[in-house]
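The values are calculated or read from the model by the stated rules, or taken from the named source; none is laboratory data. Please read all numbers here as calculations on a predicted model, not as lab measurements. Cβ atoms come from the backbone with ideal geometry, glycine included; neighbour counts cover every protein chain shown. Heads up: the accessible areas ignore ligands, DNA and RNA and are worked out on the full protein's heavy atoms, side chains in. Shrake-Rupley method; radii C 1.70, N 1.55, O 1.52, S 1.80 Å.
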Amino acid sequence: MIVLTNTDGARGVGKSAHLLGQGTSALDAIEAGIRIVEADETVRTVGRGGWPNLLGEVELDGSIMDGTTLRTGAVGALQGFLHPVSVARQVLERLPHEMLVGAGAARFAAEIGAERSDNLTADSRRSWQSWFEREVPPDLRQAWPDVPMIDLCRHAIDPETGRDTTVFLAQDSNGHIATGTSTSGWGWKYPGRLGDSPIIGAGSYADTRYGACACTGAGEMAIRTGAARAVVLYMKMGLSVGDAVEEAVEDMRRLTTGLVSRVTIHAIDAAANHKVVAVNGNPSNTYWMWRDGETEPRCHPAEIRVITSADSKPTASLRYAAQPL
Ligand code: ASP
């Protein structure tokens, strides 16, 4: 058994660990842990209290994946509900679909009786208002919101303070592996922008046979490299969890255009080994982990890798490619 989460998951990981220890399924333990983070207004990047988009609206993304059935549920740009992870869980349980976004996601949330919430707290509103007054020129303010926004999202909030997510990866006492994510995405993002968190295969992926991966940070990078699915696939192809994550780092090294920033890659394997690497990270990038037999979750520093050029190093994949299939 194992549960692993990023820094922002600290408030929920104890609950998940406790539930796993009692024999609860990985899916239920993850959902319960993430719900605590979503409801905690002091976590500014997830759920209520999260950063709003350019229009001052809080749009939430979340997902959950069952690594045994490969069923997934995801919601994107959901407004007005407290627990995107639980709405995502019900997409998994009750629909023949895997993802809902925007008005359709909100409609579904209402239909299942999900808890409503005004997620824009007074503090988030104040932050947005002061950005609006500082950064938006007077002529645009007068015509707001019917104004061009492309340039405005280029001056989004400092990505290192205004961006994060929570991700949970777990293996339960029956060996089942699951992942879950929840985020408000970037502060001052372009309305409708989805990051990696609701995109299964980019921000998370789980396969009980091999392991799981989930990412935080610049979701655009995880989307472009298909990071989470890639890590699990690399494990399927025979790489250790450590080599699989290093290979995903090498995939990101090829990104020299577009947004190239920080991404933290969290991964576990089916034997409860793990690896967490913060690409372009810093010492504040930590993770929390609990394993069977430990009394409580503990915080650890992520390993840091810096990607500065497109040069590709000979990596595990090249060694793998040299082997006959
Ligand atoms: N990955 C999230 C996104 O791109 C944000 C983050 O984790 O910093 O929306």
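Residues in segment 209-244 that are of a type in the set (S, T, N, Q), open to solvent by less than 30 Å² (accessible area, probe 1.4 Å) and farther than 14 Å from residue 264 by Cα: none. Among (1) in a loop (DSSP other than H, G, I, E, B); (2) under 23 Å from residue 30 (Cβ atoms); (3) open to solvent by less than 10 Å² (accessible area, probe 1.4 Å), where does residue 194 come up short? Looking at each condition in turn, residue 194 falls short on (3).
A single entry from 58, 37 fulfils the requirement of being out of contact with any His (no Cβ under 8 Å at 6 or more places or on another chain), crowded, with 21+ Cβ neighbours inside 10 Å, assigned to a loop (DSSP other than H, G, I, E, B) and hydrophobic (A, V, I, L, M, F, W, C): 58.
When residue 266 is tested against (1) closer than 27 Å to residue 190 by Cα; (2) at pLDDT 95 or above; (3) open to solvent by 10 Å² or more (accessible area, probe 1.4 Å), just one condition goes unmet, and that condition is (3).
Tallying residues that are open to solvent by 10 Å² or more (accessible area, probe 1.4 Å) and more than 16 Å from residue 219 (Cα to Cα) within segment 73-86 yields 5. Residue 69 satisfies every condition listed in (1) assigned to a loop (DSSP other than H, G, I, E, B); (2) modelled with pLDDT under 95 except (2).
Against the list (1) within 14 Å of the ligand (Cβ to nearest atom); (2) within 20 Å of residue 68 (Cβ to Cβ), the condition residue 262 fails is (2). Counting only residues that are more than 9 Å from the ligand (Cβ to nearest atom), small (Gly, Ala, Ser) and on the phi > 0 side of the Ramachandran plot, segment 166-210 holds 3 of them. Being open to solvent by less than 30 Å² (accessible area, probe 1.4 Å) and under 29 Å from residue 14 (Cα atoms) is a property that holds for residue 185.
Looking across 108, 132, one residue alone is at pLDDT 95 or above, of a type in the set (Phe, Trp, Tyr) and either assigned to a helix (DSSP H, G or I) or buried (at least 19 other Cβ atoms within 10 Å of the Cβ) (or both). It is 108. Before we move on, is residue 213 within 22 Å of residue 38 (Cα to Cα), touching a residue at least 40 places away in the same chain (Cβ under 8 Å) and within 14 Å of the ligand (Cβ to nearest atom)? Spelling it out, residue 213 is indeed within 22 Å of residue 38 (Cα to Cα), touching a residue at least 40 places away in the same chain (Cβ under 8 Å) and within 14 Å of the ligand (Cβ to nearest atom). In segment 285-307, the residues that are touching a residue at least 60 places away in the same chain (Cβ under 8 Å) reach residues that are open to solvent by 30 Å² or more (accessible area, probe 1.4 Å) and among the acidic types (Asp, Glu) with C-beta atoms within less than 8 angstrom, at least six apart or across chains, in these pairs: 290/296.
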